1. Run the simple label-point estimate for ARG56 and LEU4 please: 7 Å along Cα→C-beta, distance reported in nm.
2. Note the direction-averaged projected area, equal to a quarter of the hull surface, for the Cα convex hull of region 3-88, in nm².
Amino acid sequence: MNTLEATMAGYIGPPAQPRQLVLRLPRGQLVVSADVPEELARAVATYLPATGPRSRLPDGTSYTSVHPSLIAELAARPQDGAFEVLRVY
């Protein structure tokens, strides 16, 4: 499995349990992760502020922005091109 690291730029869903993460890849592109497993979502939530500025991706998807201090380890899923979040630190 090939993995890469990305900076977390935001999240989609409630701050107590984000459904997906908005990630900045090494070349600067913003992508939305695959759905985050519940256990990982709860762990990520401990780092999230209760509110934050709202932003939009180029496709119109709305998300809550966060300070880019968290790093996510990702695996690209070849079958659908989605990015699966393995861990956040």
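Read the figures in this text as sums done on the coordinates, not as results from a lab. All of these numbers come straight from a predicted model, not from anything done at the bench. Positions of Cβ are backbone-derived with ideal geometry, glycine not excepted, and every protein chain shown enters the neighbour counts.
1. In this crude label model, ARG56 to LEU4 measures out at 2.7 nm.
2. Reported value for the Cα convex hull: 5.2 nm².
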